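All remarks here apply to the structure that follows.
The values are calculated or read from the model by the stated rules, or taken from the named source; none is laboratory data. Here the structure is a predicted model, which means the values were calculated and not measured. Glycine gets a Cβ as well: all are built from the backbone with ideal geometry, and neighbour counts include every protein chain shown. Just the protein is used for accessible areas: all its heavy atoms, side chains included, with ligands, DNA and RNA removed. Shrake-Rupley method; radii C 1.70, N 1.55, O 1.52, S 1.80 Å.
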Amino acid sequence: MNLNDFDDHVSIAIQLLIRGEMPPLMVEVRLDPVILGRYDPEAMKQPEIDLTKYNAHEDGVSRLHAELLLHEDRVCVQDLSSRNGTYVNNEKLAPYIEHPLYDGDWLKLGRLKILINFLD
């Protein structure tokens, strides 16, 4: 049995600890992707997780930088062809390729570092 056998209420809770700032951001990753990026008042589409207040623009975070999604029972990250890249534990990800995340991984969007913690 895999996630495709369930309805859209399946989710995995994680927290994003951005540069040690408290409190961490709590995120429920579901079948629909959760986009990480920064707010742009002129853009038609906005990220679900707005990183603007963490100096995202200065750190090279794109407006629609990466997304978190569930794939085969795992939380994955996928770069959305961002200008400054997405990294997991300093490994640069190819655009539009799902990469699994594990508890304690470091996600880097441009130069913005985020610690990933699974809540259960």
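None of L69, L107 is within 19 Å of V27 (Cβ to Cβ) and either touching a Phe, Trp or Tyr at 6+ places or on another chain (Cβ under 7 Å) or buried (at least 19 other Cβ atoms within 10 Å of the Cβ) (or both) except L107. A Cβ distance below 6 Å, combined with a sequence gap of six or more or placement on separate chains, defines the contacts here; from the stretch 77-100, residues that are in contact (Cβ under 8 Å) with a residue 12 or more places away in the chain reach residues that are part of a loop (DSSP other than H, G, I, E, B) and hydrophobic (A, V, I, L, M, F, W, C) in the pairs V77/L101; D79/L93; T86/L93; H99/L93. Only one entry of V61, V34 meets the criterion of being in contact with a Ser or Thr (Cβ under 8 Å, 6 or more places away or on another chain), β-branched (V, I, T) and under 21 Å from Y96 (Cα atoms), and that entry is V61. So for the stretch 85-98 (the condition being touching a helix residue (DSSP H, G or I) at 6+ places or on another chain (Cβ under 9 Å), assigned to a loop (DSSP other than H, G, I, E, B) and open to solvent by less than 30 Å² (accessible area, probe 1.4 Å)), does at least one residue qualify? The answer is no; no qualifying residue exists. Residue check: is M26 more than 10 Å from the chain's Cα centre (by Cα), within 27 Å of D120 (Cα to Cα) and outside any loop (DSSP other than H, G, I, E, B)? So M26 fits the description; yes.
Criterion applied to L64, L36, L80 was being under 15 Å from I116 (Cβ atoms) and modelled with pLDDT of 95 or more, and the one residue passing it is L36. Among the residues of the stretch 34-43, is any open to solvent by 30 Å² or more (accessible area, probe 1.4 Å), in a strand (DSSP E or B) and touching a Lys or Arg at 6+ places or on another chain (Cβ under 7 Å)? No, because not a single residue in the stretch 34-43 is open to solvent by 30 Å² or more (accessible area, probe 1.4 Å), in a strand (DSSP E or B) and touching a Lys or Arg at 6+ places or on another chain (Cβ under 7 Å).
Within the stretch 74-84, restricting attention to residues that are in a loop (DSSP other than H, G, I, E, B) and not hydrophobic (A, V, I, L, M, F, W, C), the residue that is least open to solvent (accessible area, probe 1.4 Å) is S82. Which residues, taken from the stretch 110-120, are in a loop (DSSP other than H, G, I, E, B) and either open to solvent by less than 30 Å² (accessible area, probe 1.4 Å) or among the aromatic types (F, W, Y) (or both)? The answer is G110, and nothing else. Is there a residue in the stretch 59-73 that is touching a residue at least 60 places away in the same chain (Cβ under 8 Å), in a strand (DSSP E or B) and in contact with a Gly (Cβ under 9 Å, 6 or more places away or on another chain)? Looking for residues that are touching a residue at least 60 places away in the same chain (Cβ under 8 Å), in a strand (DSSP E or B) and in contact with a Gly (Cβ under 9 Å, 6 or more places away or on another chain), one finds none in the stretch 59-73, hence no.
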